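Enquirer: Below you'll find the structure I mean.
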Amino acid sequence: MPLATVNGIRLNYEDNGSGEPVVLIMGSGSGGRAWHMYQVPALTAAGYRVITFDNRGIPPTDVCADGFSVDDMVADVVALAARLRLGPFRVVGTSMGAYVAQELALTRPDLLRQAVLMASRARSDALRAALARSERELHLSGVRLPARYQAVVQAMQSLSPRTLDDEQSIVDWLDVMELSGQNEAGRGAQLGLEPMPDRRRAYAAIGVSCHVISFADDLVTPPRAGEELAGIIPGAGFEVVPDAGHYGYLENPEAVNKSILGFFGNTG
């Protein structure tokens, strides 16, 4: 993946395929390569040009350990799109990446044709806000939990019961999660974006065509949060993908890819 200087930082990105451009924005703690197992092959096979990148906080993109805002992340996408001369493009974001996509749709609708918002919401509820603050406090305390323990907690929060109950599958997941722990400074910077403020009134002004995808077993961002978001954005579609937790784009990729491509094909 090449490094480009955009918006004052070095940003690591990859550009695959040809055709109308789609920018994929990953959630917190993961790099852009997470899209390459399932979504990039499906989109390039369907005739799209697909751009993935590592968000601020994920090396080799600059960590920006002093912190950053969602506006900084929106500006990163805008600057990358300008560098690559994308013109109007489609965007797919998940979790924190969907938050970035929502703010992009609000502030720069001229750049977007369509937006898919996965595992997303318009605000934090009391429980998720408390979790975000607690994770931030733990990080700032300097306590470093064993990597295996962190992997187990991450799995229980982010995967569906179907995956958790599959003994071979969960062993593989735990190994991957343990080995792919995020840079601590970058993790702290990304934690600074939480808890999400209440954006319900603002998102009612989004004019970009949007499709909200929730995952049935998502504990981090439950389907009711996605349904509320879809009800706020004028004309937004809404779908719940079964047998999937917060990482539903990896757990049930066939259903996710079908939903994305169906939306692009039907309303593009």
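The values are calculated or read from the model by the stated rules, or taken from the named source; none is laboratory data. Just so it is clear, the structure is predicted and the values come from calculations on it, not from any experiment. A quick note on method: Cβ atoms are made from the backbone with ideal geometry, for glycine too, and the neighbour counts reach across all protein chains shown. We work out accessible area using only protein heavy atoms, side chains counted, and drop any ligands, DNA or RNA first. Shrake-Rupley method; radii C 1.70, N 1.55, O 1.52, S 1.80 Å.
Enquirer: I want to confirm something. Restricting to region 1-38 and keeping residues that are part of a loop (DSSP other than H, G, I, E, B) and among the hydrophobic types (A, V, I, L, M, F, W, C), which single residue is surrounded by the fewest Cβ atoms within 10 Å (Cβ to Cβ)?
Expert: Across region 1-38, the extreme among qualifying residues is M37.
Enquirer: Checking the conditions here, which among D198, D218 is within 27 Å of F263 (Cβ to Cβ), modelled with pLDDT of 95 or more, open to solvent by less than 30 Å² (accessible area, probe 1.4 Å) and not aliphatic (A, V, I, L, M)?
Expert: Unique residue meeting the criteria: D218.
Enquirer: Looking at region 176-197, which of its residues are charged (D, E, K, R), in contact (Cβ under 8 Å) with a residue 40 or more places away in the chain and part of a helix (DSSP H, G or I)?
Expert: E184, R187
Enquirer: Show me the helices (runs of 4 or more DSSP H) found entirely inside region 39-156 where at least 3 residues are under 18 Å from the mean Cα position of the chain (by Cα) and at pLDDT 95 or above.
Expert: The helices (runs of 4 or more DSSP H) meeting that bar are 39-45, 70-83, 96-107.
Enquirer: Inspect region 236-244 for any residue being under 28 Å from L138 (Cα atoms), open to solvent by 20 Å² or more (accessible area, probe 1.4 Å), at pLDDT 95 or above and touching a helix residue (DSSP H, G or I) at 6+ places or on another chain (Cβ under 7 Å) and give the result as yes or no.
Expert: Within region 236-244, none of the residues are under 28 Å from L138 (Cα atoms), open to solvent by 20 Å² or more (accessible area, probe 1.4 Å), at pLDDT 95 or above and touching a helix residue (DSSP H, G or I) at 6+ places or on another chain (Cβ under 7 Å).
Enquirer: Looking at region 198-248 only, could you name the residues that are in a loop (DSSP other than H, G, I, E, B), more than 18 Å from the chain's Cα centre (by Cα) and not aliphatic (A, V, I, L, M)?
Expert: Result: D198, G207, P234, G235, P242, D243.
Enquirer: Could I ask something else about it? Restricting to region 165-175, give me the number of residues that are assigned to a loop (DSSP other than H, G, I, E, B) and closer than 20 Å to V220 by Cα.
Expert: Qualifying residue count, region 165-175: 1.
Enquirer: Let me ask something else about it. Which condition breaks for F263 when tested against (1) in contact with a Gly (Cβ under 8 Å, 6 or more places away or on another chain); (2) closer than 29 Å to S69 by Cα; (3) open to solvent by less than 60 Å² (accessible area, probe 1.4 Å)?
Expert: (2)
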